[in-house]
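Encoded as structure tokens, the structure appears first; notes follow it.
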Amino acid sequence: MTEKPKLGVYICHCGINIAATVDVEAVTEYAQALPNVVIARNYSYMCSDPGQLLIKNDIKEKGLNRVVVASCSPRMHEPTFRKALQEAGLNPYYLEMANIREQCSWVHEDREAATAKAKKLVAAAVAKVRLLEPLTSREVDAEPAALVIGAGIAGIQAALDIADAGFKVYLVEKSPSVGGRMAQLDKTFPTLDCSACILTPKMVDAASHPNIELLAYSEVEEVGGFIGNFEVKVRKKARYVDVSKCTGCGDCAKECRLAGRFPNEFDEGLGKRGAIYLPFPQAVPAKYTIDPEKCLFLTRGKCGKGPKCVDACRAGAIDFEQKDEIVSFKVGAILVATGFDVFDPVRKPEYGYAGYPNVITGLEMERLVSASGPTGGNIVIHNGEEEIVPKDIAFIQCVGSRDQSVGNEYCSRVCCMYTAKQAHLVKDKIPDARVRVYYMDVRAFGKGFEEFYDRVRREGIRYVRGNPSEIFKRGNKLVIKVEDTLTATPLEDEVDMVVLAVGLEPRGDARKIIELLRLSQSPDRFFLEAHPKLRPVDTATDGVYLAGCCQGPKDIPDTVAQAKGAAASALIPLARGKVAIDAQVAEVNEATCRGCGFCVSICPYSAIELVTVNRMGHMVEVARVNEALCKGCGSCSAGCLSNSIQPKSFRDRQILPQIAALGGTR
Amino acid sequence: MDLNKLRETAAGIVSRDDVKYLIGWRRGTFGYRAAPYFVEDAAGVEELIFSPLCISNLAAYLTLVEKLPVPRGQEPDQRKVALLVKGCDSRAVNQLLVEKGIKRDQLVVVGLPCPGMVDWKLLAEKYPETEAPVEISWKGDDFLLLYNGQEIVVPRAEALAEKCRLCRHPNPLISDVTVGEPVQPWAPAEDSGVAEVEAKSTPERWAYWEEQFSKCIRCYSCRNACPLCYCEDCILDRLDPTWVNRAVNFSENTAFHLARAFHLAGRCIECGECERVCPAGIPLGKLNRKLAHTVREEYGFEPGLDPEAEPFQASYKPEDPEEFIL
């Protein structure tokens, strides 16, 4: 820097967030005395309009060329103050923030000590800001397409919205059909409309939309690049059925030698399927799939005298030679809608789910009451001795939710209402049934929920407050041991059937998505949003958005609302056609770089490559940074033995004086 | 060791048009010394030796060669360099390949299975150095000394160098040609040097290293002899920022040695050159081997075994342990 540094230091009260713990006047006085500081001020809210105006006016009137703002985390307001600098004609990267809120006032109680620490943090920022360099951010084109991972209701809705806005969508679904969990449900609470009736048209729309390319039975393998320019590789798994020929007639499945031998995933194992199957009648695409782990021909190379499905298929669609296929494409935004798993009640052995066939989960109950389910909607169950129509039915709530013993402290938000709905359906189908619901609290918070809960109770369903301790068998009945906590009475309830209202859990394969997209998890293990209140659909990875239960348990209306929100966010880079590239990227000193390639391996964003340069007549390899990909994380710098790569604004010579001011020696 | 076979192979290699020179050893000018030797033509191979005195790791010369500016209009010399390697030396070559310090196609590696080297300082206690060069060869498991015209058999345990006692890879792990039959690896000894320091309490350990590092005269021999310390512009020499000051004192010496040790973690192939060349007798091997042990035990990684390996310091696995770090 050739010009003499002229610093302005601005200390924010953040209402009482900072001012209650830190003596802002004392910090201001201290800052005023620091070298090169022209003006130090404090103000109630620096981020407010008048606060920013203070900075802008000082830049203009006092000729400031560097600004320190001591307030909150730069994650919160760095963009705000950079913009203020820019509007006053100063390079926006001449700003340094001292975090005296999250890293000081919020975590300390002793006012004197907190004030002393705030002074140090300000002195450190002052030491660094003088050494900052002017940087210019750039823009690159964004690919006008989006990837949606998961085609449940969240993924389908988001894909439809983005496609309707005129952009190409690649909709990737792991299983053979779109529809997800919602397709498995019978009726939806609290309005009792049929889940399939409202979902099926959307499934068909998603498959037939001219802007949507549906990749069912496919998995995302690789994601590279960055917002606006993601490079995606998807594995289309072999169905061993030529989808262009398959008419969905089902002749193959009838003939399969293993027909009816395997539990059908869609019916939660209550129904059976063969090795070639359609998951459910309304599946989209309505194409058959051969299960490669079950099919005799694929596992043993032999199926009787020849696979019967091949003979049965008049379209000649069966193709045992089919191979997995890798599809590559570029997108500008990625929407994650990978959904949830239901809690496995085997982890609550006291409820006997593993041993008693008449203890079932809520999702199994959905299939049992569904007209398209394995029993055609008749509630019949095997009690271990015979098939019966249960007359005494109990529901147990909060199985695997609000339960520290299984590691799930959270409320799954849907179980209270789906239990009420299922209790209603039982009463509807078996009018003389006695139905009890064992609950801890009933959470009927949504639109129409409380009304529905009232209606169900008026229908004669008894709610008993108590968390059952044990279920065991007596004769052909199940006995529930429970204490009615409202009357403090221990009870034993003999029933024919128990439905466990299992909660929602993060998917077992969530780790793969986390690694693919560099996502984080919140303590409940669901995917973490960028900000719980103000950026609920964004993630820490720019250009990657969340929708539905992968972010946390929610019901269908909330899922659809979030999907629409995520779609709107994903549309921002797509519609704008450009994305800004941060200027704080790593830079290589090609004169000292020895081309070892450590940084290339380390870089989590694949932003560095080795290039050959001419050094005094010798062709040598050195690292080079792709500024569009670099996030300025500094991992490369930590791994560089010759210190030849450093992030701008965080160079050693910039941060060492900062560390020294905090109490270092150099 | 069939020296004729070695010389014949070497002559064949240096006669090739695409080979610049071969780096090997020859007899030193006195006592127990063997000297690095650059053979440029077939006639030069007569002086080439491979004996229990050839302890030095010649791989360091691959990167020590200064790349002088090439005059305009001329092409840089692209001829290959041939190098004699023992098992330990070959690991340095592999590690250099992993970190792109050298190119495979610019190298001819002559592998020499190694039965173990002597530490001449151990020999000199009983048989002091003489003005005339002493000849040593392998005899079975032991060493045969030709000392003042007298043949003396020295039992292996009396003279084997420390790094050879700990050796797990006596046969070269990379080579274009091998001279001699592979040797049977022996059971590596317990690393008593490291164990001894580990057994100390923290204050004792600090006192130990304070004593050791205080001896350092910062001649940088360790850095120069190390085959894997080869940055053209070492960060410990830089002025902005100055990580290590020029002053030779305990504090700066410690900073120098610790920085070097950390830079070598997961890269050090335990050839022991740093300690061997130290004129102040600082047991640098203990420091580097301690880190090598940690890398091996905690991460299951040993550098220099595979030229295609991912560089340890630049690879990350989510299941990497971290609880032992501070």
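The values are calculated or read from the model by the stated rules, or taken from the named source; none is laboratory data. In this text the structure is predicted, and so the values were computed from the model without any measurement. Please note: Cβ atoms are built from the backbone with ideal geometry, for glycine as well, and neighbour counts cover all protein chains shown.
Scanning the range B:197-226 for residues that are touching a helix residue (DSSP H, G or I) at 6+ places or on another chain (Cβ under 7 Å) and either charged (D, E, K, R) or within 14 Å of another protein chain (Cβ to nearest Cβ) (or both) turns up B:200, B:205, B:210, B:218, B:223, B:226. Within the range A:363-383, restricting attention to residues that are in contact with a Gly (Cβ under 9 Å, 6 or more places away or on another chain) and not polar (S, T, N, Q), the residue that is surrounded by the fewest Cβ atoms within 10 Å (Cβ to Cβ) is A:371. Checked across the range A:566-583, the condition of being crowded, with 17+ Cβ neighbours inside 10 Å, within 12 Å of chain B (Cβ to nearest Cβ) and in contact (Cβ under 8 Å) with a residue 40 or more places away in the chain holds for no residue.
Scanning the range B:238-279 for residues being more than 13 Å from chain A (Cβ to nearest Cβ), within 20 Å of the chain's Cα centre (by Cα) and of a type in the set (D, E, K, R) gives a total of 4.
Within the range B:105-123, the set of residues being more than 14 Å from every other protein chain (Cβ to nearest Cβ), in contact (Cβ under 8 Å) with a residue 12 or more places away in the chain and either basic (Lys, Arg) or not in a strand (DSSP E or B) (or both) comprises B:112, B:113, B:114, B:115, B:116, B:117, B:119, B:120, B:122, B:123. Every condition in (1) surrounded by 15 or more Cβ atoms within 10 Å (Cβ to Cβ); (2) more than 22 Å from residue A:180 (Cα to Cα); (3) not assigned by TED's automatic domain parsing to the domain that holds residue A:230 holds for residue A:516 except the one numbered (2). Screening the range A:32-144 for strands (runs of 3 or more DSSP E) wholly inside it with 1 or more residues that are over 36 Å from the mean Cα position of the chain (by Cα) returns the ranges A:37-43, A:66-71. Against the condition assigned to a helix (DSSP H, G or I), closer than 30 Å to residue A:587 by Cβ and aliphatic (A, V, I, L, M), how does residue A:163 come out, does it pass? Criteria not met by residue A:163. The residue list A:594, A:666, A:653 contains one member that is within 14 Å of chain B (Cβ to nearest Cβ), more than 22 Å from the chain's Cα centre (by Cα), at pLDDT 90 or above and surrounded by fewer than 18 Cβ atoms within 10 Å (Cβ to Cβ), which is A:653.
Does the range A:57-75 include one or more residues that are at positive phi and without any contact (Cβ under 8 Å) to a residue 60 or more places away in the chain?
yes
For the residues B:97, B:84, the requirement of being within 30 Å of residue B:309 (Cβ to Cβ), in a helix (DSSP H, G or I) and modelled with pLDDT of 95 or more singles out B:97.
Do the conditions hold for residue B:59, that is, is it in contact (Cβ under 8 Å) with a residue 40 or more places away in the chain and either closer than 19 Å to residue B:178 by Cα or surrounded by fewer than 19 Cβ atoms within 10 Å (Cβ to Cβ) (or both)? When the stated conditions are applied, residue B:59 passes them.
Within the range B:139-161, can one find any residue that is within 14 Å of another protein chain (Cβ to nearest Cβ) and aliphatic (A, V, I, L, M)? No: zero hits.
Could you list all residues from the range A:251-272 that are crowded, with 16+ Cβ neighbours inside 10 Å, out of contact with any Pro (no Cβ under 9 Å at 6 or more places or on another chain) and in a loop (DSSP other than H, G, I, E, B)? Correct list: A:258, A:259, A:268. On inspection, residue A:355 qualifies as outside the structural domain of residue A:217 (by TED's automatic domain parsing), surrounded by fewer than 23 Cβ atoms within 10 Å (Cβ to Cβ) and over 20 Å from residue A:214 (Cβ atoms).
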